[in-house]
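First comes the structure, then the notes that go with it.
The values are calculated or read from the model by the stated rules, or taken from the named source; none is laboratory data. For clarity, every value in this text was computed on a predicted model and none was experimentally measured. Here Cβ is always computed from backbone atoms with ideal geometry, including for glycine, and neighbour counts include all displayed protein chains.
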Amino acid sequence: MNKNWLKIPIIQLLNPPIKALINPAYLNESAEDMILAYDTQRTRAEIFSESDQKNLKLALRLFCKEKQTNYKQGMNEVLAPFMLLVNHGVPFDTAFSAFKLFVDRIFPNLFTESVFNK
């Protein structure tokens, strides 16, 4: 495959997430993985440490797996306040359970596939 298009100056300036969206094999990650990674890096960046971001990403992956849904933008912002509780001594599993309970009771259909496939 001819890759001369990669030599175009604007393509060289693109950061890896955009390159990967053009060619997901660029980082061997799916587009969803990359969106999740960059959303978690931006979430409360002024107060979340790298460890907090890892907890956020882990919790989002667990939530999506349990709910059998794909990550959607906005999930990170709903989860963030619950992950802040971990910084104040609340165990991760308790904060995660509180998040799931909140979503199930307040927004039961917010992040389901059926809402996004209509």
Given the condition surrounded by fewer than 16 Cβ atoms within 10 Å (Cβ to Cβ) and at pLDDT 90 or above, answer yes or no: does some residue in segment 64-82 qualify? yes
Note down all Cβ pairs under 7 Å where the first residue falls in segment 85-106 and is of a type in the set (D, E, K, R), the second is modelled with pLDDT under 95 and part of a helix (DSSP H, G or I), and they're at least six residues apart or on different chains. Lys100/Phe63
Report yes if Arg61 is in contact with a helix residue (DSSP H, G or I) (Cβ under 8 Å, 6 or more places away or on another chain), surrounded by fewer than 19 Cβ atoms within 10 Å (Cβ to Cβ), closer than 18 Å to Phe96 by Cβ and modelled with pLDDT of 90 or more, otherwise no. yes
Those residues of segment 95-108 which are part of a helix (DSSP H, G or I) and either in contact with a helix residue (DSSP H, G or I) (Cβ under 8 Å, 6 or more places away or on another chain) or on the phi > 0 side of the Ramachandran plot (or both), in sequence order: Ala95, Phe96, Ala98, Phe99, Lys100, Phe102, Val103
Return the residue satisfying two criteria in turn: it lies in segment 94-112 and is over 18 Å from the mean Cα position of the chain (by Cα) and among the charged types (D, E, K, R), and of such residues it is surrounded by the fewest Cβ atoms within 10 Å (Cβ to Cβ). Arg105
